[in-house]
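The block underneath contains the structure these notes are about, expressed in structure tokens.
The values are calculated or read from the model by the stated rules, or taken from the named source; none is laboratory data. Please read all numbers here as calculations on a predicted model, not as lab measurements. Here the Cβ positions follow ideal geometry from the backbone for every residue, glycine too, while neighbour counts run over all protein chains shown. For accessibility, only protein heavy atoms count, side chains too; no ligands or nucleic acids. Shrake-Rupley method; radii C 1.70, N 1.55, O 1.52, S 1.80 Å.
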Amino acid sequence: MNWKKIGILTADIILSVYLVLAITAFNCPDDQDAVCREVKINITDGTGNGFLNVNEVKMQLQHAKIYPLGDRMSDVCTRQIEETLLKSPLVDRVECYKTHSGHVFINLTQRTAVMRIMANNGESYYIDNLGAIIPSKNNSTDLVVATGDIKQKYAQTALKQFGLLLLDDSFWQSQIEQINVLPDGSVEMIPRVGDHIVYLGQPTHLKEKLTRLEKFYRYGLSKAGWNKYSYINIEFNNQIICKRRKL
């Protein structure tokens, strides 16, 4: 007798039996009948200027009749949950998955708003970091508000770039309260500190203009007084034109 072959054959039989039992146990009726015991929703965004909350996501799924809590795990369709949530104009990305312990996880990234638009024509909305329009909601944010003669295309290009620049600079993010767009497309800024208006001209070379203005703030107005001038023009390179306030 070839004991080596018999030993190998016996080991194969034992391994096969183990695999059959493991697969059977994994697909046992108890697992198939398991229900969703908990739904965990995690919402993230890059700036803290998001609008969605867990309750709104839950209500959206309930409205679509696919909120999985209490459903059989085998009936929970993660792809359908993802596709439903992606229909929201506030949502950027969604990942949904379920576990054998009866949990459904929904990881959602909402779009990043960079500026709020309140145009003279009555339109009110937000612009995100990709230049897309986010419907206006009654949310309180620290975003800069842009007013004036604003067309959507202008907001999606020039004002989007301006908003990205402000979000990337903590000094200007806290200093600028409002942006006003004039009929010719030029831009004025209203700061939080100082009773004056800053004229930037057309929204080009913004980083250079703001750098020049910051230096003027730090080394000029901090000594002369924040309310000495009523109008500051930084439109042209290498110069700052100030209009003294009338006494």
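Restricting to segment 145-200, what percent of DSSP beta bridges are antiparallel, rounded to 5? Before the final figure, lay out each step's value.
Numbers: 7 of 11 bridges.
If we restrict to bridges inside segment 145-200, about 65 percent are antiparallel.
Do any trypsin sites (Lys or Arg not before Pro) in segment 144-211 lie in a DSSP loop with no more than 10 other beta carbon atoms within 10 Å, and if so, which?
On the way: sites: Lys151, Lys153, Lys160, Arg192, Lys207, Lys209; in loops: Lys151, Arg192.
Sites meeting the loop and neighbour criteria: Arg192.
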So which lysines can Lys40 reach, going by Cα to Cα under 22 Å and dropping same-chain residues fewer than 8 places off? Lys58, Lys65, Lys87, Lys98
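Quote to one decimal, in nm, the extra length available between Lys58 and His103 on full extension: 0.36 nm per residue of separation minus the C-alpha distance between them.
Details: separation 45, 0.36 × 45 = 16.20 nm, distance 1.49 nm.
The span from Lys58 to His103 would gain 14.7 nm if fully extended.
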Taking Cα centroids, how far is segment 83-105 from segment 191-229 in Å? 45
Cross-link partners of Lys243 among lysines (Cα-Cα below 29 Å; sequence separation of 8 or more within a chain): Lys207, Lys209, Lys215, Lys223, Lys228
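Would you work out the relative contact order for segment 113-220, in percent, from Cα pairs under 8 angstrom that are 6 or more residues apart? Please report the intermediate quantities before stating the final value.
Details: 174 pairs, mean separation 21.0, N = 108.
RCO, segment 113-220: 19 percent.
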Å² of accessible area per residue within segment 76-181, as computed with a 1.4 Å probe and no ligands counted: 48
With every protein chain present, what accessible area does His205 have (1.4 Å probe, heavy atoms only), rounded to the nearest 10 Å²? 130
Within segment 117-167, which chymotrypsin sites (Phe, Trp or Tyr not before Pro) sit in a loop by DSSP and count at most 12 neighbouring Cβ atoms inside 10 Å? none
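In percent, what relative contact order does segment 123-177 have, based on Cα pairs under 8 Å that are 6 or more apart in sequence?
Relative contact order for segment 123-177 comes out at 35 percent.
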Going by accessible area, probe 1.4 Å, with all protein chains left in place, what is the ranking of Asp45, Asp195, largest first? Asp195, Asp45
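Starting from the Cα-Cα distance between Lys228 and Lys87, subtract it from 0.36 nm times their residue separation and give me the gain in nm to one decimal.
Full extension of this stretch gives 45.6 nm more.
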Got a number for the accessible area of Ser124? Probe 1.4 Å, square angstrom, nearest 10. 50
